[in-house]
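Since the structure comes first, as structure tokens, the remarks are kept for the end.
The values are calculated or read from the model by the stated rules, or taken from the named source; none is laboratory data. Model, not experiment: these values are computed from the prediction. With ideal geometry, Cβ positions are generated from the backbone for all residues, glycine too; neighbour counts draw on all protein chains shown.
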Amino acid sequence: AAAELEPRATPLARKVAEEAGVPLAGVAGSGPGGRVVRADVEQMVQPAAPAPAMQAPPAAARAAVAGQTVPLAGVRARIAERMSRSAQETARVTLTTEVDATRLVEARTQLKEALSDTLGFAIGYNDLLIAICARALREHPNVNCRLEGDQIRLLDEVHIGLAVDTDRGLLVPVVRNADRLRVVEIAQRLRELVARAREGKAGPDELTGGTFTITNLGMYGVDAFTPIINLPECAILGVGRIRPEPAVFGGQIAIRQRLWLSLTFDHRLVDGAPAARFLQRIAALVEEPYLLLA
């Protein structure tokens, strides 16, 4: 019976197997009809070839990638950690829309001319955008939220951060209770916060606690981009450059000031339709900034 269980093999294969002490029952045959041949036995006997050792790249290759090493530490390390967490933990979606910013430009120009001497500085687009987003968040509280464990917390207060480029890296000073402030008050507070951030004097309470963030790359000629959510917030607005373009206005072709807005939101917390309505409201206020007076 044992002989019947022994696989079919050529005489030479049997001899090699006997000399090597390899049981034929453990050898898969590759010959005709599954017969074990000499090569099958030798494959079982010979050890696998070792993997080639790692070799250092040639000197020419090392020279081609030579450069300065900068430690990933301090503010840069914190930025890296927060951006990685945001990318890994959120179900982020970005909505984009192009708006007519002609009246926003007009409003900013009028405020600049009327108030610059009194204030000592000019009202900027970021001041108006913070006021616009604060109003939109107040009207769409489902976007003014954060995830806490297995619960979504709708926040009562509107604190808006502005991404600021500094010598130390990206910082986000926060204008607290922005929905309760007039544009002039937002402008004054924002300038204080940005100055302190760039001087390295801003405290943790001035750089944390936001409920929504604006990042404006328009001054660098960027039209649209996909901003990364500033955790634990639910959404962030990316703002592009304002540029003159021909467009249909009042049934006529006219040069209008055009602007792209990009809203990235966490789809775990907000669905696409509510996020789109929120972006629509921001767009409407950009196109008719005088509605902020209502």
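General remarks:
- Within the stretch 123-157, the residues that satisfy the criterion of being among the small types (Gly, Ala, Ser) and free of Cβ contacts under 8 Å to residues at least 60 places away in the same chain are 134, 149.
- Within the stretch 266-294, the residues that satisfy the criterion of being more than 18 Å from residue 135 (Cβ to Cβ) and either assigned to a strand (DSSP E or B) or touching a Lys or Arg at 6+ places or on another chain (Cβ under 8 Å) (or both) are 266, 267, 269.
- If you filter the stretch 94-132 down to residues that are small (Gly, Ala, Ser) and surrounded by fewer than 16 Cβ atoms within 10 Å (Cβ to Cβ), you find that the one that is nearest to residue 158 (Cα to Cα) is 122.
- Residue count, the stretch 261-294 (criterion: under 22 Å from residue 125 (Cα atoms) and among the small types (Gly, Ala, Ser)): 4
- Elements of type strands (runs of 3 or more DSSP E) in the stretch 111-198, at least 2 residues being modelled with pLDDT of 95 or more, over 22 Å from the mean Cα position of the chain (by Cα) and of a type outside the set (Gly, Ala, Ser): 151-154
- Where a residue in the stretch 183-196 is more than 22 Å from residue 289 (Cβ to Cβ) and its partner, wherever it lies, is assigned to a helix (DSSP H, G or I), with Cβ under 6 Å and at least six apart: 193/206
- Residue match in the stretch 207-224 (condition: part of a strand (DSSP E or B), surrounded by 12 or more Cβ atoms within 10 Å (Cβ to Cβ), among the charged types (D, E, K, R) and touching a residue at least 24 places away in the same chain (Cβ under 8 Å)): no
- Looking only at the stretch 259-290, and only at residues there that are touching a residue at least 12 places away in the same chain (Cβ under 8 Å) and over 30 Å from residue 87 (Cβ atoms), the one that is surrounded by the most Cβ atoms within 10 Å (Cβ to Cβ): 289
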